[in-house]
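Below is one structure, written out as C-alpha coordinates, with a few remarks after it.
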Amino acid sequence: MTDAELDDVLSQAASRRHQAGTAVFEQGQSADHFFVLLHGRLRVTQVTAEGQQMVVRMVNPGDLFGIARALRRPDYPGTSTAVVESITLAWPMTAWDGMLEQHPALAVNAMQTVGARLQDAHARMRELSTEEVERRVAHTVLRLANQSGKKEAAGIRIDFPVSKQDIAEMAGTTLHTVSRILSAWEDAGLVEGGRQKLLIRDPHQLVLIGDGHVPGLL
(Lines give C-alpha, C1' and ligand atoms only; values in the text may rest on other atoms or scores of the structure.)
Protein backbone atom coordinates (compact mmCIF):
# COMPACT_ATOMS: atom_id res chain seq x y z
CA MET A 1 0.00 0.00 0.00
CA THR A 2 1.02 3.60 -0.52
CA ASP A 3 1.40 5.92 2.46
CA ALA A 4 -1.90 7.57 1.58
CA GLU A 5 -3.68 4.20 1.46
CA LEU A 6 -2.20 3.18 4.82
CA ASP A 7 -3.28 6.49 6.33
CA ASP A 8 -6.81 5.90 5.08
CA VAL A 9 -6.94 2.38 6.52
CA LEU A 10 -5.42 3.39 9.85
CA SER A 11 -7.74 6.38 10.21
CA GLN A 12 -10.62 3.94 10.70
CA ALA A 13 -8.84 1.84 13.37
CA ALA A 14 -8.68 2.05 17.14
CA SER A 15 -5.79 0.75 19.25
CA ARG A 16 -6.64 -1.62 22.10
CA ARG A 17 -4.51 -3.05 24.89
CA HIS A 18 -5.28 -6.52 26.28
CA GLN A 19 -3.84 -7.82 29.52
CA ALA A 20 -2.64 -11.44 29.66
CA GLY A 21 -5.56 -13.79 30.22
CA THR A 22 -8.24 -11.43 28.86
CA ALA A 23 -10.35 -12.17 25.79
CA VAL A 24 -10.26 -9.98 22.69
CA PHE A 25 -13.53 -11.63 21.69
CA GLU A 26 -15.42 -14.79 22.67
CA GLN A 27 -16.87 -17.68 20.69
CA GLY A 28 -20.44 -16.97 19.62
CA GLN A 29 -20.14 -13.23 20.26
CA SER A 30 -21.47 -10.95 17.53
CA ALA A 31 -18.58 -10.16 15.17
CA ASP A 32 -18.56 -6.37 15.44
CA HIS A 33 -14.84 -5.81 14.71
CA PHE A 34 -11.87 -7.32 12.91
CA PHE A 35 -8.27 -6.93 14.05
CA VAL A 36 -4.55 -6.91 13.38
CA LEU A 37 -2.20 -7.92 16.19
CA LEU A 38 0.53 -5.32 16.65
CA HIS A 39 2.30 -6.72 19.69
CA GLY A 40 2.07 -9.78 21.93
CA ARG A 41 0.53 -13.19 21.30
CA LEU A 42 -3.02 -14.55 21.26
CA ARG A 43 -4.43 -18.06 21.66
CA VAL A 44 -7.55 -18.95 19.65
CA THR A 45 -9.70 -21.71 21.16
CA GLN A 46 -12.97 -23.37 20.27
CA VAL A 47 -15.37 -25.36 22.44
CA THR A 48 -17.05 -28.25 20.63
CA ALA A 49 -20.71 -29.19 20.94
CA GLU A 50 -19.60 -31.89 23.43
CA GLY A 51 -17.96 -29.24 25.62
CA GLN A 52 -14.35 -30.08 24.77
CA GLN A 53 -11.96 -27.15 24.34
CA MET A 54 -9.30 -27.18 21.64
CA VAL A 55 -6.59 -24.71 20.70
CA VAL A 56 -7.14 -23.78 17.05
CA ARG A 57 -4.05 -21.65 16.50
CA MET A 58 -1.82 -18.92 17.88
CA VAL A 59 -2.06 -15.34 16.55
CA ASN A 60 1.32 -13.69 15.94
CA PRO A 61 2.23 -10.01 15.46
CA GLY A 62 1.15 -8.81 12.03
CA ASP A 63 -1.66 -11.37 11.72
CA LEU A 64 -5.13 -10.36 10.53
CA PHE A 65 -7.79 -12.09 12.65
CA GLY A 66 -11.42 -11.96 13.70
CA ILE A 67 -12.45 -11.73 10.03
CA ALA A 68 -15.78 -13.49 10.52
CA ARG A 69 -17.32 -11.58 7.60
CA ALA A 70 -14.83 -13.20 5.22
CA LEU A 71 -16.20 -16.56 6.41
CA ARG A 72 -19.81 -15.35 5.95
CA ARG A 73 -20.43 -15.64 9.68
CA PRO A 74 -22.27 -13.12 11.90
CA ASP A 75 -20.38 -14.33 14.99
CA TYR A 76 -16.84 -15.26 16.01
CA PRO A 77 -16.19 -19.00 15.59
CA GLY A 78 -13.68 -19.07 18.47
CA THR A 79 -12.36 -17.22 21.51
CA SER A 80 -9.20 -15.15 21.15
CA THR A 81 -7.29 -14.69 24.43
CA ALA A 82 -4.11 -12.73 25.13
CA VAL A 83 -1.29 -15.06 26.19
CA VAL A 84 0.87 -12.06 27.15
CA GLU A 85 0.05 -8.36 27.25
CA SER A 86 -0.96 -7.55 23.68
CA ILE A 87 -1.91 -4.59 21.50
CA THR A 88 -4.35 -4.80 18.61
CA LEU A 89 -5.78 -2.50 15.97
CA ALA A 90 -9.54 -2.88 15.66
CA TRP A 91 -11.80 -1.86 12.79
CA PRO A 92 -15.62 -1.96 12.81
CA MET A 93 -16.85 -4.91 10.78
CA THR A 94 -19.13 -2.52 8.88
CA ALA A 95 -15.98 -1.08 7.25
CA TRP A 96 -14.85 -4.48 5.87
CA ASP A 97 -16.55 -4.46 2.46
CA GLY A 98 -15.64 -0.87 1.68
CA MET A 99 -12.01 -1.34 2.66
CA LEU A 100 -11.66 -4.40 0.43
CA GLU A 101 -13.19 -2.52 -2.51
CA GLN A 102 -10.93 0.50 -2.04
CA HIS A 103 -7.73 -1.39 -1.24
CA PRO A 104 -7.15 -4.52 -3.39
CA ALA A 105 -3.94 -5.30 -1.46
CA LEU A 106 -6.04 -5.82 1.67
CA ALA A 107 -8.39 -8.13 -0.23
CA VAL A 108 -5.43 -10.21 -1.42
CA ASN A 109 -4.07 -10.38 2.14
CA ALA A 110 -7.45 -11.52 3.46
CA MET A 111 -7.68 -14.27 0.83
CA GLN A 112 -4.17 -15.44 1.64
CA THR A 113 -5.00 -15.47 5.35
CA VAL A 114 -8.12 -17.57 4.85
CA GLY A 115 -6.26 -19.90 2.48
CA ALA A 116 -3.37 -20.42 4.90
CA ARG A 117 -5.74 -21.23 7.75
CA LEU A 118 -7.67 -23.66 5.58
CA GLN A 119 -4.44 -25.37 4.56
CA ASP A 120 -3.36 -25.58 8.20
CA ALA A 121 -6.73 -27.05 9.20
CA HIS A 122 -6.48 -29.70 6.46
CA ALA A 123 -2.96 -30.63 7.60
CA ARG A 124 -4.11 -31.05 11.19
CA MET A 125 -7.09 -33.15 10.15
CA ARG A 126 -4.81 -35.40 8.11
CA GLU A 127 -2.41 -35.76 11.05
CA LEU A 128 -5.24 -36.62 13.45
CA SER A 129 -6.61 -39.31 11.15
CA THR A 130 -3.37 -40.92 9.94
CA GLU A 131 -0.51 -40.32 12.39
CA GLU A 132 0.52 -41.71 15.76
CA VAL A 133 0.53 -39.29 18.65
CA GLU A 134 4.29 -38.62 18.86
CA ARG A 135 4.38 -37.59 15.21
CA ARG A 136 1.43 -35.24 15.79
CA VAL A 137 3.14 -33.63 18.77
CA ALA A 138 6.32 -33.20 16.70
CA HIS A 139 4.35 -31.47 13.95
CA THR A 140 2.61 -29.24 16.49
CA VAL A 141 5.87 -28.11 18.11
CA LEU A 142 7.50 -27.54 14.71
CA ARG A 143 4.47 -25.56 13.52
CA LEU A 144 4.78 -23.27 16.55
CA ALA A 145 8.50 -22.88 15.90
CA ASN A 146 7.95 -22.02 12.24
CA GLN A 147 5.29 -19.44 13.07
CA SER A 148 6.91 -17.71 16.02
CA GLY A 149 10.23 -19.31 16.95
CA LYS A 150 13.40 -17.29 17.47
CA LYS A 151 16.81 -18.70 16.59
CA GLU A 152 19.37 -18.90 19.38
CA ALA A 153 22.83 -20.42 19.63
CA ALA A 154 21.33 -23.49 21.31
CA GLY A 155 18.39 -23.92 18.94
CA ILE A 156 14.97 -22.38 18.27
CA ARG A 157 13.00 -20.94 21.18
CA ILE A 158 9.23 -20.59 21.32
CA ASP A 159 9.54 -17.53 23.54
CA PHE A 160 5.93 -16.96 24.55
CA PRO A 161 4.08 -18.96 27.22
CA VAL A 162 2.86 -22.18 25.63
CA SER A 163 1.70 -24.86 28.03
CA LYS A 164 1.71 -28.62 27.66
CA GLN A 165 -2.08 -28.39 27.70
CA ASP A 166 -1.94 -26.03 24.70
CA ILE A 167 0.22 -28.50 22.80
CA ALA A 168 -2.07 -31.38 23.80
CA GLU A 169 -5.16 -29.58 22.49
CA MET A 170 -3.44 -28.63 19.23
CA ALA A 171 -2.19 -32.19 18.70
CA GLY A 172 -5.47 -33.84 19.67
CA THR A 173 -4.15 -35.80 22.63
CA THR A 174 -3.98 -35.66 26.43
CA LEU A 175 -1.87 -33.60 28.80
CA HIS A 176 -0.40 -36.80 30.27
CA THR A 177 0.72 -38.02 26.83
CA VAL A 178 2.36 -34.70 25.93
CA SER A 179 4.14 -34.62 29.30
CA ARG A 180 5.59 -38.10 28.65
CA ILE A 181 6.67 -37.18 25.12
CA LEU A 182 8.34 -33.91 26.11
CA SER A 183 10.09 -35.61 29.04
CA ALA A 184 11.48 -38.28 26.69
CA TRP A 185 12.57 -35.62 24.21
CA GLU A 186 14.23 -33.60 26.96
CA ASP A 187 16.12 -36.67 28.22
CA ALA A 188 17.33 -37.25 24.65
CA GLY A 189 18.47 -33.64 24.27
CA LEU A 190 15.90 -32.72 21.61
CA VAL A 191 14.13 -30.01 23.61
CA GLU A 192 14.53 -28.04 26.81
CA GLY A 193 11.61 -26.74 28.85
CA GLY A 194 11.30 -23.93 31.34
CA ARG A 195 8.64 -21.40 32.36
CA GLN A 196 6.38 -22.49 29.50
CA LYS A 197 8.99 -21.36 26.96
CA LEU A 198 10.18 -24.33 24.96
CA LEU A 199 13.67 -24.50 23.41
CA ILE A 200 14.00 -26.88 20.45
CA ARG A 201 17.62 -28.03 20.54
CA ASP A 202 17.44 -30.47 17.62
CA PRO A 203 14.77 -29.36 15.09
CA HIS A 204 16.06 -31.77 12.43
CA GLN A 205 15.45 -34.77 14.66
CA LEU A 206 11.90 -33.57 15.35
CA VAL A 207 11.33 -33.25 11.61
CA LEU A 208 12.47 -36.86 11.17
CA ILE A 209 10.15 -38.03 13.96
CA GLY A 210 7.24 -36.04 12.50
CA ASP A 211 7.81 -37.47 9.04
CA GLY A 212 8.11 -41.02 10.40
CA HIS A 213 11.67 -41.46 9.13
CA VAL A 214 12.99 -42.44 12.57
CA PRO A 215 11.23 -44.23 15.44
CA GLY A 216 9.84 -42.07 18.21
CA LEU A 217 11.17 -42.16 21.74
CA LEU A 218 8.07 -43.60 23.41
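The values are calculated or read from the model by the stated rules, or taken from the named source; none is laboratory data. Quick caveat: nothing in here was measured; it's all calculated off a predicted structure. Every residue, glycine among them, receives a Cβ derived from its backbone with ideal geometry; neighbour counts consider all protein chains shown. Only protein heavy atoms, including side chains, enter the accessible area calculation; ligands, DNA and RNA are left aside. Shrake-Rupley method; radii C 1.70, N 1.55, O 1.52, S 1.80 Å.
How high is the relative contact order of region 10-102? Use alpha-carbon pairs under 8 Å, at least six apart in sequence, and give a whole percent.
46
Could you state the angle between the C-alpha long axis of helix 133-148 and the longest principal axis of the C-alpha atoms of the chain, as a value from 0 to 90 degrees rounded to the nearest 10?
The answer is roughly 40 degrees.
Which of the peptides 102-115, 58-71 is most tightly packed, and how do the rest follow, going by the mean number of other Cβ atoms within 10 Å of each residue?
58-71, 102-115
Within straight cross-link reach of Lys151, meaning Cα distance under 15 Å, which aspartates and glutamates are found once same-chain residues fewer than 8 apart are removed?
Partners within reach: Asp159, Glu192, Asp202.
If R0 is 35 Å, what FRET efficiency do you get for Gln29 and Ala4 from their C-beta distance, rounded to 0.05?
For Gln29 and Ala4, the calculated efficiency is 0.55.
Within 9 Å, Cβ to Cβ, of Ile209, how many net charges do the neighbouring residues add up to if Lys/Arg are +1 and Asp/Glu are -1?
Local net charge: -1.
Looking at region 152-218, which trypsin sites (Lys or Arg not before Pro) are DSSP coil and have at most 15 other C-beta atoms within 10 Å of their C-beta?
Filter output for region 152-218: Arg195, Lys197.
Hey, what does the equivalent ellipsoid look like for region 57-115, semi-axes from the Cα gyration tensor as sqrt of 5 times each eigenvalue, largest first, whole Å?
Taking √(5λ) for each eigenvalue gives 20, 13, 12 Å, largest first.
How charged is the neighbourhood of Thr94? Take every other residue with its Cβ under 14 Å from the Cβ of Thr94, and add Lys/Arg as +1 and Asp/Glu as -1.
Overall, the nearby charge balance is -2.
For region 107-196, take every pair of Cα atoms, bin their distances at 10 Å starting from 0, and report each bin as a whole percent.
Answer for region 107-196: a P(r) of 15, 45, 30, 9, 1 percent.
Using alpha carbons only, what's the Rg to Rh ratio of the chain with Rh from Kirkwood?
Radius of gyration relative to Kirkwood radius: 1.00.
Under a 1.4 Å probe, what is the accessible area of the chain per residue, stated in Å²?
That works out to 53 Å² per residue.
Considering the dipole of the chain built from charges on the beta carbon (Lys and Arg +1, Asp and Glu -1) around the Cα centre, which of His39, Gly194, Gly149 is farthest to its positive end?
Result: Gly194.
Once you list every other residue whose beta carbon is under 13 Å from the beta carbon of Leu37, what net charge do they have if Lys and Arg are +1 and Asp and Glu are -1?
+3
How many percent of the accessible area of the chain is carbon or sulfur, using a 1.4 Å probe?
Answer for the chain: carbon and sulfur cover 51 percent of the accessible area.
FRET efficiency for Met99 and His176, Cβ-Cβ distance as r, R0 = 30 Å, nearest 0.05?
Result of the calculation: an efficiency of 0.05.
What list of ³J(HN,Hα) couplings, whole Hz, do you get for region 7-15 from phi and the Karplus terms 6.51, -1.76, 1.60, once you set θ to phi - 60° and write x for glycine and proline?
4, 5, 5, 5, 5, 9, 9, 10, 7
Between Ala184 and Ala121, 0.36 nm times their residue separation minus their Cα-Cα distance comes to what?
My answer for the length gained is 19.9 nm.
Using Cα-Cα distances under 8 Å and only pairs 6 or more residues apart, what relative contact order does the chain have, in percent?
Rounded, it is 19 percent for the chain.
Could you list, bin by bin from short to long, the percent of Cα-Cα pairs of region 25-133 in 5 Å steps?
2, 11, 19, 24, 21, 13, 6, 3, 1, 0
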